[in-house]
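Below is one structure; the comments refer to it alone.
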Amino acid sequence: QASGNEHRRTSRLFIYYGIAVAVVWTVMIGLFLLWHDHLLEEGAVDTARIEARAIFQSHAIYRAWNAMHRGVYARVTEQTQPNPYLKTEERDITTPSGISLTMINPDYMVRQVNELARKDFMLISHITSLNPIRPENKADEWETKALLEFENGVEEVSSIEMVDNANHLRLMRPLVAKKSCITCHAEQGYKVGDILGGISFAVPLAQHKSIHAAHNKGMY
């Protein structure tokens, strides 16, 4: 009988140890999955941030190209009207064949590109300043805080914000005045090296999270 009791105690201990190991193992797996999920969440934000940076760089390049040529001419259409805020000689010209052309300066070009990006790719971008020439370029509260940080030497501001009832990665970088920029901005008192303003971007996080969610599903 003593041997039987010992055997039952041993069996119970074995069961208890087995349950304890199973619980610990399950907790460890759960913590690992939570950690992995956190990493994927950060990865989605990082890829959105990389996307916004890449778009800013492309904006900066073709903006610089336009400034290098001191503006370019485009045919006047319903979508492309003369820029009332552009004060320069020969803003509007007519070709020998009678085609009306208007000068497109860097900011006007970026604005039109931004409008196309929002329409076709749901990418929200905005060129703005603390001292805008065009009223529509006025900075919102988030952009104003970023622009003030740029004045203190910060080179990039980003955070997760609600835009159009959805989470977006908002990112903004400064536009620094170059010699070619002064033509349009000299009357505002800007000098080479000053912060003219910046371009802000709002990248939807849903599309990036959906990609990472597919990987997470396999891991679970």
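For the subset of region 37-49 comprising residues that are at pLDDT 85 or above and surrounded by 14 or more Cβ atoms within 10 Å (Cβ to Cβ), which member is farthest from residue 112 (Cα to Cα)? First the steps, then the outcome.
As a first pass, look at region 37-49 and keep what is at pLDDT 85 or above: 46-49.
Applying the additional criterion that residues be surrounded by 14 or more Cβ atoms within 10 Å (Cβ to Cβ) yields 47-49.
On the way: 47: 25, 48: 22, 49: 23 Å.
Among those that are at pLDDT 85 or above and surrounded by 14 or more Cβ atoms within 10 Å (Cβ to Cβ), it is 47.
Might you check whether a residue that is surrounded by 16 or more Cβ atoms within 10 Å (Cβ to Cβ), under 30 Å from residue 88 (Cα atoms), hydrophobic (A, V, I, L, M, F, W, C) and modelled with pLDDT under 90 occurs anywhere in region 186-201? Yes, region 186-201 contains at least one residue that is surrounded by 16 or more Cβ atoms within 10 Å (Cβ to Cβ), under 30 Å from residue 88 (Cα atoms), hydrophobic (A, V, I, L, M, F, W, C) and modelled with pLDDT under 90.
Here residue 77 meets each of (1) at pLDDT 90 or above; (2) surrounded by 10 or more Cβ atoms within 10 Å (Cβ to Cβ); (3) under 21 Å from residue 136 (Cβ atoms) with one exception, condition (2).
When restricted to residues that are surrounded by 14 or more Cβ atoms within 10 Å (Cβ to Cβ) and in a helix (DSSP H, G or I), region 146-157 contains 5.
So that you can scan it fast, the table gives a plain yes or no per residue for (1) in a helix (DSSP H, G or I); (2) crowded, with 16+ Cβ neighbours inside 10 Å:
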| site | (1), (2) |
| --- | --- |
| 114 | yes, yes |
| 118 | yes, no |
| 160 | no, no |
| 169 | no, yes |
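Among residues belonging to region 170-185 that are of a type outside the set (Lys, Arg) and modelled with pLDDT of 90 or more, point out the one that is farthest from residue 41 (Cα to Cα). Per the criteria, the residue is 174. Within region 120-145, the set of residues being surrounded by fewer than 16 Cβ atoms within 10 Å (Cβ to Cβ), of a type in the set (D, E, K, R), assigned to a helix (DSSP H, G or I) and at pLDDT 90 or above comprises 141, 145. Taken over region 49-107, residues that are β-branched (Val, Ile, Thr) and touching a residue at least 60 places away in the same chain (Cβ under 8 Å) amount to 2.
The values are calculated or read from the model by the stated rules, or taken from the named source; none is laboratory data. Because the structure is a prediction, the values reported are computed rather than measured. For neighbour counting, all protein chains shown are included, and Cβ atoms are generated from backbone atoms with ideal geometry for every residue, glycine included.
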